[in-house]
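Down below is the structure, laid out as structure tokens.
The values are calculated or read from the model by the stated rules, or taken from the named source; none is laboratory data. If you're wondering where the values come from, they're calculated on a predicted model, not measured in any experiment. For neighbour counting, all protein chains shown are included, and Cβ atoms are generated from backbone atoms with ideal geometry for every residue, glycine included.
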Amino acid sequence: MDIIGCMNAVNKVGKYLILALFAINLVSMSFAQSASSSLGTALQDLCHMSQMFLGAAIMVLIVLAGATYAIGQVLGAETRARATVWATAMMTGALIGAIIYLITPIIIRALLPNLSQISGTTTDPCAFTTTTT
């Protein structure tokens, strides 16, 4: 069982599939948002989409990092070292994703200064409205 060869094959195809999926999502969102002319609404939708995608991606990266590290500990020394490096890289990616997850609403509010947080019981960090002054 050649784990390294299998992972390399997945990486060759997987990176193009992820890029194509991301491009298709952007195209579909651009057509769906053409009816709304409000930049604030478009940025709010972008914030919601990034929050949903990054939340799932962070969870998957953490689970895969743990599985990679655990499987690598059972195998030989060279594979163990590679698995540790891969698991560390996945955890680093999850940490960067968490940072982006947290600062996305802050960046969007900085881009449009006339956004205000919706008051109430909402726990959604992307729940803001455009105020016209």
Looking at the range 90-104, which of its residues are within 16 Å of Leu46 (Cβ to Cβ) and surrounded by fewer than 17 Cβ atoms within 10 Å (Cβ to Cβ)? Ile100, Leu102, Ile103
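Do we find that Gly55 is at pLDDT below 90, in a helix (DSSP H, G or I) and loosely packed, with under 15 Cβ neighbours inside 10 Å in this structure?
On the way: at pLDDT below 90: yes; in a helix (DSSP H, G or I): yes; loosely packed, with under 15 Cβ neighbours inside 10 Å: yes.
So Gly55 passes the test.
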Which pairs do you get when a residue that is of a type outside the set (Val, Ile, Thr), found in the range 12-27, comes within reach of a residue that is modelled with pLDDT of 75 or more and surrounded by fewer than 10 Cβ atoms within 10 Å (Cβ to Cβ), reach meaning Cβ atoms under 9 angstrom, with the pair 6+ apart or on two chains? none
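Filter the range 105-131 down to residues that are part of a strand (DSSP E or B) and surrounded by 13 or more Cβ atoms within 10 Å (Cβ to Cβ) and give me whichever is modelled with the highest pLDDT.
Restricting attention to the range 105-131, the residues satisfying the condition of being part of a strand (DSSP E or B) are 115-117, 128-130.
When the remaining residues are screened for being surrounded by 13 or more Cβ atoms within 10 Å (Cβ to Cβ), the result is 115, 117, 128-130.
Values: Leu115: 60, Gln117: 56, Phe128: 68, Thr129: 63, Thr130: 58.
Applying the filter and picking the extreme gives Phe128.
Kindly indicate whether Ala23 is farther than 18 Å from Tyr101 by Cα, exposed (fewer than 11 other Cβ atoms within 10 Å of the Cβ), touching an Asp or Glu at 6+ places or on another chain (Cβ under 9 Å) and at pLDDT below 75.
On the way: farther than 18 Å from Tyr101 by Cα: yes; exposed (fewer than 11 other Cβ atoms within 10 Å of the Cβ): yes; touching an Asp or Glu at 6+ places or on another chain (Cβ under 9 Å): no; at pLDDT below 75: yes.
It is false that Ala23 is farther than 18 Å from Tyr101 by Cα, exposed (fewer than 11 other Cβ atoms within 10 Å of the Cβ), touching an Asp or Glu at 6+ places or on another chain (Cβ under 9 Å) and at pLDDT below 75.
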